[in-house]
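Notes follow once the structure below has been shown.
Read-outs throughout are calculated quantities, based only on the coordinates presented, and are distinct from any laboratory measurement. Computed from a prediction, not measured in an experiment: that's the story for all the values here. Virtual Cβ from ideal backbone geometry, glycine too; neighbours counted across all protein chains shown.
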Amino acid sequence: MAAETLAPAEAERAEQIVAGEHEGLVRMAVRRFTRHRLAMLGLVTLVTIIAIAALAPVLLPMDPITPDYENLGMPPSAAHLLGGDLSGRDVLARVIYGTRVSLIAGLGSVVVFVSIGTAVGLIAGSLGGVADQVLMRITDIFLSIPPLLLIIVFISIVGAGLGSVIAVIGLVYWPQTARLVRGQLLGLREAEFVTASRVIGVREREIVVRHMIPNIFGPLTVVATFGVASAILLEAALSFLGLGVKPPTPSLGEMIASARTPSVLQEQPWVWLPAGIVIALIVMSVNFVGDGLRDALDPKASRRG
Amino acid sequence: MSDDAGRPDAPHLAVDGLVVRFPIMGGVLRRTVGWVSAVEDVSFAIPRGRTLGLVGESGSGKTTIGRAIVRVNRPQSGTIRLGGEDLLALSGEELRRRRRSFQMVFQDPQSSLDPRQTVGQILAEPLRTHGLPASGERNARIAELLGMVGLDPRFTSRYPHEFSGGQRQRIGIARALAVEPELIVCDEPISALDVSIQAQVLNLLEELQERLGLTYLVIAHDLAVVRHLAHDVAVMYLGRLVEIADAEDLYAAPAHPYTIALLSAVPVPDAAAERRRRRIILTGDIPSPADPPSGCRFHTRCWLRDRLGGPERCRTEIPVLAPPDPARPGHRAACHFPAEARAAIDPATLVPVARETPGA
C-alpha cells in the first residue's frame, strides 16, 4: 500500500539514504568546512601558532623577561634569532610569550562576552515583554558609551593586568552578542517548525530548549570566532596604549608600541615587525576560520552536493 | 469520491461567523492605527470523515482560517466547534491537552521540520508531549507512523535535509498523525512540492482519510488540487466566502463570477472544448485587506459587473451567501446576480460565451 506509492526515483533515493550515505550534522559540517580552502589554511596557521605558543616554553627554554645588556637593541644573530629589544630582551621569546598572552586574552574575553551576551539575549528573547524592553535598553546604553572611554574608566578603577583586559573586552563586546541571540530567537519564534511544535502542544519552555537554543548555536559559534579576532586586536591596542597587561609581561601590542620612537621604526624593524606580523596572521586566520564555519554550520545552505 | 451516501448528521467541525483581524501598528508609540480584515464573517461546516477544500488566491485569508482553527491565531469573534466542543473557549493546559484532536500539515516541509532534529526526534515530540504510548513502545510507534506514510522505518536517525521534498512532507504528515487527531488542517500541502510527486502526496492523504476516518480542511490556491480530494469546496475572496457547494455542484454549475474566473484557469481534458475555451484574466491585484472595497469585495475586479454595465448594488450592498437554486440549498453563492452569472457562461466549458473580452 503506502510504501508502493513511492515513485521509482524516490524509492531509489530511500535506498541510498538507508544504504549508508547517511551523514550526521557534525560530519556534514566538517565536510563542508574542509572544502573551504581559505578556512583550512587559516585553521592550519592558527593550529601552528597555538602549538608554538603552547609548546615553545618547553621546547626552547628562553627568557622573555630578563634583560641581556649585550643584546640591547641588537639586530638578529645566531644567539638571538630575532635580535634584542630596547631593554636587551630576546624578541623571539617575547613574541612567543606575547602570542600566548594575546591568545589567552582573545579566548578568555570571548568566553566572557559570549556568556553574558547569550544569557541576556536568551532572557530577553524568550521572556519578551517588560524583561525584553528593560534588558535591551540596558544593552543600548552599553552600545552608546564610547568603548575606549569605558575601557579607560574601568582600567583606572580596577588596575591593568591580563584579568582586567579580559573583563573589559568582555564588557565592551557583550551587547552585540545579546542583540544577535535575541534577534535569532525572535526570528525562530515565527519559524514554521516552532509553530508546528505549538500546534502539537509542546510547552513554550520546551520549545526554547529543544528547538530555539540548538538553532542559534551555528550563528553563535561564528560570532564567537570573529570575536576572538576582534578581542586580540583590542588587547593589542590596549597594550599599545599602556592599558593592557602590566610590564614586563610580554604583549604583542606593547612590542609594537616601541615603534613609536622614530629611530626604532626606521632602523630597528626586528623590534616591532615580528609582533605585527603575528597579530596580522592570527587575526586573518581566525577570520578565515570564521568564514568557513559560517558556511559549514548553516544546515539550510545547500543539502549535500 | 463525493457520493451522497451516508451523509452524517451533525457537522464534525463547525466554524461560525469567524472574524480575524490583525492590528496595524503605527507611530512611535506603536498604537493601533487600523485593522487588516483577514477573515470576515466566515461560516462553514465539515461532516466527520469528509474533506472541505478551501480555495482562494494569496491574501484571501484561507491560511488565516486554518491557523485560527489550530489555535495559532486568535480570532476577534465567531466560534469554532470540533465535535460540539468550542475550541475558542479552551486555554492554558486544557487547550494544550486538547490539541491532540486537531493537527496541521504545513505548506513548506522544509521550514516546518527542525533542521537540527532527526526524524525520530521530530516524531517523538508529539508522543512525548501527550504521553502517548508507554515510553517503551514509542520506537515501535515511530516505525509504525513512518510505515503509514510510506517511509522506511529505518529512517529514524536521519535529518530532514537528507530527504526529498515529497519525503519531507510525508514526515510532516506522520508528525500530524502521531497524536491520532480527528481533524487535520492541510495548509497547501502540495504547493511546495515538485509536480511529479504532488499526486502521490494527495493519494496518501486520501488513503489515510479512508483508513483513519480523518476529517480534512484542505487549503489550496487552485481548484484543480482540491477537485481531487474534496467532498465540498468553499471559495474565498479577500477574507469572505464567496461560494460554497458540494464539489460536483461547484465544478458543474458555478454561480459566483470569481469561482467562474478561477475555473477558467483549470484546463479541461476535452481537447475540442479546451480549444474553444478562453480564460478570464482578472485585472489588477487583489485589493488591500486593510481597506477592502465596499459592498461586494470582488466588485472592483468583477467581469460580470462590467458586462452588466456596472450596477450600483455591487458597490453598496454586501451580498449574502444564499442558494441561487432553491432545489440545492447546499450550494450557496455570495453574488447579487447569480442567475446572470450562470446565463453568461457556456455550460460545456464554463467560460463566458463570446462577447468582447471581459474586463479588458
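Suppose each label sits 7 Å from its Cα in the direction of the beta carbon; what would the A:Ala237-B:Glu312 distance come out to in nanometres?
Those two pseudo-labels are separated by 7.3 nm.
Inside 10 Å of the C-beta atoms of B:97-105, what's the mean count of C-beta atoms belonging to other chains?
Whole-number average of other-chain Cβ neighbours for B:97-105 is 2.
Nearest 5 is fine: what % of DSSP beta bridges in chain B come out antiparallel, could you say?
Expressed as a percentage, antiparallel bridges in chain B total about 60.
Could you point to the residue in A:Ala131, B:Pro189, B:Gln200 farthest towards the positive end of the protein assembly as shown's charge dipole, with +1 and -1 charges on the Cβ of Lys/Arg and Asp/Glu respectively?
Positive-end residue among those listed: A:Ala131.
Output the antiparallel fraction of DSSP beta bridges having both residues in the protein assembly as shown, as a percent to the nearest 5. Intermediate values should be presented prior to the final figure.
Values: 31 of 49 bridges.
Close to 65 percent.
Which whole-number percent is the relative contact order of chain A (Cα, under 8 Å, 6+ apart)? Please report the intermediate quantities before stating the final value.
Details: 382 pairs, mean separation 79.9, N = 305.
Across chain A, relative contact order equals 26 percent.
Based solely on its DSSP helices, what 222 nm [θ] is calculated for the protein assembly as shown when runs of n ≥ 4 H residues each add -39,500 (n - 2.57) and the sum is averaged over all residues, nearest 500 deg cm²/dmol? Provide the component values of the computation, followed by the final result.
Details: 26 runs with 327 residues, N = 665.
Theoretical 222 nm ellipticity from helices: -15500 deg cm²/dmol.
According to a simple spin-label model (label point 7 Å from Cα along Cα-to-Cβ), what is the distance in nm between A:Arg260 and B:Arg48?
Reported label-point gap for B:Arg48 and A:Arg260 is 8.6 nm.
What is the fewest-to-most order of A:Leu81, B:Leu151 by other Cβ atoms lying within 10 Å of their Cβ? If you can, show how the numbers build up before the last one.
Values: A:Leu81 15, B:Leu151 26.
Ordered by Cβ neighbours within 10 Å, fewest first: A:Leu81, B:Leu151.
Give me the dipole magnitude in Debye, nearest 20, for the range B:96-170 about the Cα centre, with unit charges on the beta carbon: positive for Lys and Arg, negative for Asp and Glu.
Details: 13 positive and 7 negative charges, 82 e Å.
Dipole of the range B:96-170, to the nearest 20 debye: 400 debye.
Rounded to the nearest 20 Debye, what is the dipole magnitude of the protein assembly as shown about its Cα centre when Lys and Arg each give +1 and Asp and Glu each give -1 at the C-beta? If you can, show how the numbers build up before the last one.
Working: 66 positive and 66 negative charges, 162 e Å.
Magnitude of the dipole: close to 780 debye.
To make sure I understand, if each residue's beta carbon is the centre and we count other beta carbons within 10 Å, what order do B:Tyr216, A:Tyr69 fall in, fewest to most?
Values: B:Tyr216 25, A:Tyr69 8.
Neighbour counts put them in this order, fewest first: A:Tyr69, B:Tyr216.
Hey, what did the range B:255-360 get for relative contact order, percent, Cα under 8 Å, at least 6 apart? Don't jump to the answer; show the numbers that get you there.
On the way: 128 pairs, mean separation 36.3, N = 106.
With pairs under 8 Å counted, the relative contact order is 34 percent.
Within 10 Å of each Cβ in peptide B:156-162, how many partner chain Cβ atoms are there on average? Round it to a whole number, please.
Values: counts 0, 2, 5, 7, 4, 9, 9.
Counting other chains' Cβ atoms within 10 Å and averaging over B:156-162 gives 5.
For chain A, what is the convex hull volume of the alpha-carbon atoms per residue, in Å³?
Details: hull volume 52.4 nm³, N = 305.
In chain A, the Cα convex hull volume per residue is 172 Å³.
Rounded to the nearest angstrom and ordered from largest down, what semi-axes does the equivalent ellipsoid of the range A:20-75 get from its C-alpha gyration tensor (root of 5λ)?
Working: eigenvalues 376, 33, 8 Å².
Square roots of five times the eigenvalues give 43, 13, 6 Å.
In nm, to one decimal, how far is the modelled label at B:Leu29 from the one at B:Ala343, with both set 7 Å along Cα→Cβ?
It is 5.6 nm.
Restricting attention to the range A:166-264, which GluC sites (Glu not before Pro) occupy a DSSP loop and are surrounded by at most 15 other Cβ atoms within 10 Å?
Values: sites: A:Glu190, A:Glu192, A:Glu204, A:Glu206, A:Glu235, A:Glu254; in loops: A:Glu190.
Those satisfying the criteria are A:Glu190.
Helix A:91-127: angle to the longest alpha-carbon principal axis of chain A, degrees 0 to 90, nearest 10?
30 degrees
Using +1 at the C-beta of Lys and Arg and -1 at the C-beta of Asp and Glu, which of B:Ile80, B:Thr118, B:Gly136 has the Cα lying farthest in the positive direction of the dipole of the range B:40-137?
About the Cα centre, the residue reaching furthest to the positive side is B:Gly136.
Which of B:Arg74, B:Arg278, B:Arg67 comes first, and how do the rest follow, when ranked by fewest Cβ neighbours within 10 Å? Please list the in-between numbers first.
Numbers: B:Arg74 10, B:Arg278 13, B:Arg67 22.
Ranking B:Arg74, B:Arg278, B:Arg67 by Cβ neighbours within 10 Å, fewest first, gives B:Arg74, B:Arg278, B:Arg67.
Which one, B:Gly284, B:Phe337, B:Pro269, is farthest towards the positive end of the dipole of the range B:255-360 when Lys and Arg carry +1 and Asp and Glu -1 on their Cβ?
Sorting the options by dipole projection puts first B:Pro269.
When you look at the Cβ of every residue in A:204-216, what mean number of other chain Cβ atoms sits within 10 Å? Provide the component values of the computation, followed by the final result.
Details: counts 0, 0, 3, 1, 0, 0, 6, 4, 1, 1, 4, 4, 0.
The shielding value for this peptide is 2.
Compute the helix-to-body angle for B:165-177: its Cα long axis versus the longest principal axis of chain B, expressed 0 to 90° and rounded to tens.
Helix B:165-177 sits roughly 70 degrees off the main axis of chain B.
Take chain A, mark every one of the trypsin sites (Lys or Arg not before Pro) that falls in a DSSP loop and has at most 12 other Cβ within 10 Å, then report the longest stretch left between them, sites excluded. Walk me through the numbers on the way to the answer.
Numbers: sites that count: A:Arg35, A:Lys300, A:Arg304.
Between exposed loop sites, the widest span is A:36-299.
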